[in-house]
Amino acid sequence: MDRKQRAVEAERILGSPLFQETFETMRDALLKEWETTNPEDTATREDAWRCVKMLSKVKDQFQKHARMAKLDENIAQING
């Protein structure tokens, strides 16, 4: 799969209502777990926080793929 194909697929996924709903549901559940965990239970709290951060990194990766194709297009336009 080339950069352009990855960008198209990434934009499709990011724009998917199912992806958006799933992402927000998971993020909200993890944040709730983090917020409601006993402060002494540092292992569980840290795991929940790491999961929140990893979930964001997954979305960031999709966004990166979408931006890279646009960057390629801009460079191609500049170079004529």
(request) Extending each Cα 7 Å along its Cβ direction at residue 20 and residue 44, get the distance between those two points in nm, one decimal. (result) 3.3
(request) Mind putting a number on the dipole of the chain about its Cα centre? Charges go on the C-beta only, +1 for Lys and Arg and -1 for Asp and Glu, and I need it in Debye to the nearest 20. (result) 460
(message) Quick check on my link table: of 32/64; 32/57; 32/53, which ones sit more than 26 Å apart, alpha carbon to alpha carbon?
(response) 32/64
(message) Give me the one-decimal Kirkwood hydrodynamic radius in Å for the chain, with the sum taken over alpha-carbon pairs.
(response) 14.6
(request) First select every other residue whose beta carbon is under 12 angstrom from the beta carbon of residue 69; then total the charges, Lys and Arg +1, Asp and Glu -1. (result) +1
(request) Report ³J(HN,Hα) in whole Hz for each residue of the stretch 47-52, in order, from the Karplus equation J = 6.51 cos²θ - 1.76 cosθ + 1.60 where θ = phi - 60°; Gly and Pro get x. (result) 4, 4, 5, 4, 5, 4
(request) Mind telling me which of 18, 55, 31 comes out most flexible in a GNM of the chain, alpha-carbon contacts under 10 Å? (result) 18
(request) Would you work out the relative contact order for the chain, in percent, from Cα pairs under 8 angstrom that are 6 or more residues apart? (result) 45
(request) For the chain, build the charge dipole from Cβ charges (+1 Lys, Arg; -1 Asp, Glu) around the Cα centre, then report which of 37, 20, 68 sits farthest towards its positive end. (result) 68
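Here, each number is a calculation from the coordinates, and none is a lab measurement. Being a predicted model, the structure only gives us computed values, none of them experimental. In this analysis, Cβ positions are derived from the backbone assuming ideal geometry, glycine residues included, and neighbour counts consider all displayed protein chains.
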